[in-house]
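Quick notes on the structure that follows.
The values are calculated or read from the model by the stated rules, or taken from the named source; none is laboratory data. Small disclaimer: the values here were computed from a predicted structure and weren't measured. With ideal geometry, Cβ positions are generated from the backbone for all residues, glycine too; neighbour counts draw on all protein chains shown. For the accessible areas, the whole protein counts, side chains as well, though only heavy atoms, and no ligand, DNA or RNA atoms are used. Shrake-Rupley method; radii C 1.70, N 1.55, O 1.52, S 1.80 Å.
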Amino acid sequence: MKFLISREALLKPLNLVAGVVERRQTLPILSNVMLELDGNQLSITGTDLEVELVGRVTLEQAPQAGGEITVPARKLADICKSLPDGSDIEFIQDEQRVIVKSGRSRFTLSTLAANDFPNVEESPGSQDFTVKQGDLKRLIDRTSFAMAQQDVRYYLNGMLWEVSAGQLRVVATDGHRLALCTLAAPIETQENQQVILPRKGVVELARLLMNENDDVRVVIGSNHIRATTTDFTFTSKLVDGKFPDYDRVLPKSSTKTVFGLRNDLRQAFSRTSILSNEKYRGVRLMLSDASLQIVANNPEQEEAEEIVNVDYSGESLEIGFNVSYLLDVMGVLSGDTVKLSLSDANSSALLEESEEGDSMYVVMPMRL
């Protein structure tokens, strides 16, 4: 293997792929990325056995010799970052070593055989559709904050993708709140399919969707999901588990509907959160005609109070929420107004954009 590449052309795919590689590995080869040169197409592959990412770059100069080899991911990325802008990098494979040369710099890296590099097995997909990268990123950005972090209910540490005729819906929940976003998509299917993408897969995929007007092709199989663009191929194992029936969580018969300005509510929640209990983060909402009072207390007997004008008339209601959950929702909603549907102090709240939105958020109440 022998080729020349510009630093900028190599750095972008290398950084993305190196992000998948875990720092602490049980298998030494998992700390490496595989370089594969076929014609003038260079593929860079990294994996942690759960998620695999292949970045592709086309060489401007025809390579002198192709081949495949694995090299340490972090070291190669750090070398490329440290070289001056605009420099060219030459790679020469020398038996069990790879020599990286640029200007007056020369690095010799150890390698491991490409044959030992693990491959995520190809599985036939039962769903195959193409959407815009920006649309898919929006689905992830609007819901991923509600995924659980390290829940013993492992199926909550991920995101549900529900594929049905004409739409892709994603849902995330940690048991205290739920986020749902729906995209109309050119999907032709006879049956609904639900799969759970693990947390790391969600995070990595969101990082990759940078060209919002370009297409991404998604293939969903029984135990893998694969997303392909011109620049990369992303593959992730799916979580083997049953996601809760989210439809049962969505409040159906709310008796109180409140409309408020999103920015005013967001700022009021943000200010009252300063004096909320650091551990429980509870705030009390007192709803009355045309007004929403927000109160926070903490163990030091300190108190914050905000009053926000809202569009509401009806019975008064007092209800408690985790203010962090409300702020998360306000942060991803767009539009000027927020629609808040409530029933009583023990029932969940439903938040959505008052214009015809594609997202719904459920937040469970707290006892204060």
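Here the range 272-368 has 43 percent of its accessible surface on carbon and sulfur atoms, given a 1.4 Å probe and all protein chains in place. Ranked by the mean number of other Cβ atoms within 10 Å of their residues, highest first, the peptides 22-30, 91-99, 171-179 fall in the order 171-179, 91-99, 22-30.
Centroid-to-centroid, using Cα positions, the range 121-141 and the range 26-88 are 25 Å apart. Farthest toward the positive end of the dipole of the range 147-285, out of CYS181, GLN267, ASN223, is the Cα of GLN267, where the dipole comes from beta carbon charges about the Cα centre. Taking Cα atoms only, the orientation of helix 7-20 departs from the longest principal axis of the chain by about 60 degrees. Element breakdown for the range 24-107 at a 1.4 angstrom probe: carbon and sulfur atoms account for 44% of the accessible area. Basic side chains Lys and Arg get +1 at the Cβ, acidic Asp and Glu get -1 at the Cβ, and with that the dipole of the range 131-196 about its Cα centre reaches some 220 debye. Farthest toward the dipole's positive end in the chain, which of PHE243, LEU42, ASN297, given Cβ charges of +1 (Lys, Arg) and -1 (Asp, Glu) about the Cα centre? Going by the charge dipole, the pick is LEU42. The mean accessible area for residues of the range 208-248, using a 1.4 Å probe and ignoring ligands and nucleic acids, is 52 Å² per residue. Charge dipole (Cα centre; +1 on Lys/Arg Cβ, -1 on Asp/Glu Cβ; no other charges) of the range 273-368 amounts to roughly 420 debye.
Quotient of the Cα radius of gyration of the chain and 2.2 N^0.38 Å, N being its number of residues: 1.20. Note on the chain: helix-only mean residue ellipticity at 222 nm, from DSSP H runs of 4+ residues weighted -39500 (n - 2.57) and normalised by residue number, equals -5500 deg cm²/dmol.
If you count only protein heavy atoms with a 1.4 Å probe, what accessible area per residue comes out for the range 114-206, rounded to a whole Å²? Roughly 45 Å² per residue, with all protein chains present. The gain in end-to-end length when the ASN346 to VAL203 segment is fully stretched comes to 48.1 nm, 0.36 nm per residue minus the alpha carbon separation. What is the percent carbon and sulfur in the accessible area of the range 108-180, measuring with a 1.4 Å probe over the protein chains and ignoring ligands? Using a 1.4 Å probe with all protein chains present, the range 108-180 comes out at 44 percent carbon and sulfur. With a/c under 1.5 counting as rounded, go ahead and sort the range 247-353 into rounded, prolate or oblate using the C-alpha gyration tensor (a ≥ b ≥ c being the square roots of the eigenvalues; past the cut-off, prolate if a/b is larger than b/c, else oblate). Because its axes are fairly even, with a/c under 1.5, the range 247-353 counts as rounded. Ordering ALA65, LEU30, GLY86 by the projection of their Cα atoms onto the charge dipole of the range 25-117, which places +1 on the Cβ of Lys and Arg and -1 on the Cβ of Asp and Glu, puts GLY86 at the extreme positive end. By definition, a body whose alpha carbon gyration tensor gives a ≥ b ≥ c is prolate when a/c is 1.5 or more and a/b is larger than b/c, and the range 159-248 fits this prolate description. Magnitude of the charge dipole for the range 220-270, about its Cα centre and with charges confined to Cβ atoms of Lys, Arg (+1) and Asp, Glu (-1), is about 180 debye. Can you compute the FRET efficiency between SER110 and LEU49 using 1/(1 + (r/R0)^6), with r the Cβ-Cβ distance and R0 = 22 Å? Round to the nearest 0.05. Once rounded, the FRET efficiency stands at 0.55. Build a GNM of the chain with springs between Cα atoms under 10 Å apart, and of ASP135, ASP289, ASP215 the one that fluctuates most is ASP289. With a ≥ b ≥ c taken as the square roots of the eigenvalues of the C-alpha gyration tensor of the range 1-115, please select rounded if a/c is under 1.5 and otherwise prolate if a/b is larger than b/c or oblate if it is not? Rounded. Counted residue by residue at 0.36 nm each, then reduced by the alpha carbon distance between them, the extension gain from PHE259 to TYR280 reaches 4.9 nm.
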